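The values are calculated or read from the model by the stated rules, or taken from the named source; none is laboratory data. Model, not experiment: these values are computed from the prediction. For neighbour counting, all protein chains shown are included, and Cβ atoms are generated from backbone atoms with ideal geometry for every residue, glycine included. Surface accessibility is based on the protein's heavy atoms, side chains included, excluding ligands, DNA and RNA. Shrake-Rupley method; radii C 1.70, N 1.55, O 1.52, S 1.80 Å.
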Amino acid sequence: VQLQASGGGLVQAGGSLRLSCAASGRTFSSLSMAWFRQAPGKEREFVSAISRSGGSTYYADSVKGRFTISRDNAKNTVYLRMNSLKPEDTAVYYCASRYVVVVTTKSWEYDYWGQGTLVTVSS
């Protein structure tokens, strides 16, 4: 599985961005998907995850109510809509996937990773 993340950029605080992660292959609907982020000097942290069907979603407390994860299995793509962005959301955002039905928030349990896309939120 190859993952390609895109959509990052520079935005002012309070603004919005939508990240996309396109997956290769014909088994996208068998993948649990997630977004993680890593800020400079910090460890990678869980942001959001979505089940294979899209019926279940999970969020870190820090983004709950501001971010929305979704997926389009026909387009092999998962999205992360980010609203009300804050300077502390500045990070490289990574998409990740695994062929396990149970969704997890632990980065080491994901098998496939995209290259990351940089989100910078200015104050």
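Here are the numbers:
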{"read-out": "Residue check, T117 under 13 Å from W35 (Cα atoms) and without any contact (Cβ under 8 Å) to a residue 24 or more places away in the chain", "value": "no"}
{"read-out": "Members of segment 80-94 found to be more than 12 Å from the chain's Cα centre (by Cα) and closer than 28 Å to S29 by Cβ, listed by number", "value": "N83"}
{"read-out": "Complete set of residues in segment 83-104 that are part of a strand (DSSP E or B) and not small (G, A, S)", "value": "V92, Y93, Y94, C95, R98"}
{"read-out": "Filtered residue count, segment 62-79, keeping only those that are over 10 Å from the mean Cα position of the chain (by Cα) and either within 21 Å of S6 (Cβ to Cβ) or surrounded by 16 or more Cβ atoms within 10 Å (Cβ to Cβ) (or both)", "value": "9"}
{"read-out": "Index of the failed condition, V103 passing every other in (1) in contact with a Ser or Thr (Cβ under 9 Å, 6 or more places away or on another chain); (2) at pLDDT 95 or above", "value": "(2)"}
{"read-out": "Residue tally, condition open to solvent by less than 60 Å² (accessible area, probe 1.4 Å), more than 17 Å from V121 (Cα to Cα) and either touching a Gly at 6+ places or on another chain (Cβ under 6 Å) or modelled with pLDDT of 95 or more (or both), over segment 1-27", "value": "7"}
{"read-out": "Residues that are of a type in the set (A, V, I, L, M, F, W, C) and either within 28 Å of V11 (Cα to Cα) or surrounded by 14 or more Cβ atoms within 10 Å (Cβ to Cβ) (or both), drawn from segment 83-123", "value": "L85, A91, V92, C95, A96, V100, V103, W113, L118, V119, V121"}
{"read-out": "Residues that are touching a residue at least 12 places away in the same chain (Cβ under 8 Å) and either loosely packed, with under 15 Cβ neighbours inside 10 Å or aliphatic (A, V, I, L, M) (or both), drawn from segment 46-61", "value": "V47, A49, I50, S53, S56, A60"}
{"read-out": "Filter pass, T57 being over 12 Å from the mean Cα position of the chain (by Cα) and among the polar types (S, T, N, Q)", "value": "no"}
{"read-out": "Where I50 falls short, out of the listed (1) hydrophobic (A, V, I, L, M, F, W, C); (2) under 14 Å from Y112 (Cβ atoms); (3) out of contact with any helix residue (DSSP H, G or I) (no Cβ under 8 Å at 6 or more places or on another chain)", "value": "(2)"}
